[in-house]
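Structure first, commentary second.
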Amino acid sequence: MGLKDKAKATAKNIEGKVQEGIGNLTGDTKDQAEGKAKQVEASIDHFVEDTKDAVKKAID
């Protein structure tokens, strides 16, 4: 996984957790949902990059 892509996905995950936490504190369901969505996006990004790495290792 490229370091740059991994950092972006990790930052997105953290941002989502913070946004969800703020939504939980304030009772804002929109923030909660958007925060969870960002976390899912980050998980997908990590999965895609991990898959790329696995394919590259298999080819090498």
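The values are calculated or read from the model by the stated rules, or taken from the named source; none is laboratory data. These numbers were taken from a predicted model, which means no experiment stands behind them. Virtual Cβ from ideal backbone geometry, glycine too; neighbours counted across all protein chains shown. Ligands, DNA and RNA are excluded from the accessible area calculation, which covers all protein heavy atoms including side chains. Shrake-Rupley method; radii C 1.70, N 1.55, O 1.52, S 1.80 Å.
Quick rundown of the values:
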{"quantity": "Dipole moment magnitude, nearest 20 debye, the chain about Cα centre, only Lys, Arg, Asp, Glu C-beta charged", "calculated": "140 debye"}
{"quantity": "For the range 1-49, the Rg and Dmax computed from alpha carbons only, in angstrom", "calculated": "11.5, 37"}
{"quantity": "Gained length - Val55 relative to Ala11, 0.36 nm times residue gap less alpha-carbon distance", "calculated": "13.4 nm"}
{"quantity": "Accessible area of the chain belonging to carbon and sulfur atoms, whole % at 1.4 Å probe", "calculated": "60 percent"}
{"quantity": "Unsatisfied cross-links (Cα-Cα over 29 Å) in the set Lys4/Lys57; Lys30/Lys52; Lys12/Lys52; Lys36/Lys57; Lys30/Lys56", "calculated": "Lys30/Lys52; Lys36/Lys57; Lys30/Lys56"}
{"quantity": "For the chain: relative contact order, % (alpha-carbon pairs under 8 angstrom, 6 or more apart)", "calculated": "40 percent"}
{"quantity": "Leading residue at positive end of dipole, the chain (Cβ point charges), from Ala7, Gln39, Asn24", "calculated": "Ala7"}
{"quantity": "Sum of -39500 (n - 2.57) over DSSP H runs of 4+, divided by residues of the chain (222 nm, nearest 500)", "calculated": "-33000 deg cm²/dmol"}
{"quantity": "Partner aspartates and glutamates for Lys8 [C-alpha distance under 16 Å; skip if fewer than 8 residues away on the same chain]", "calculated": "Glu41, Asp45, Glu49, Asp50"}
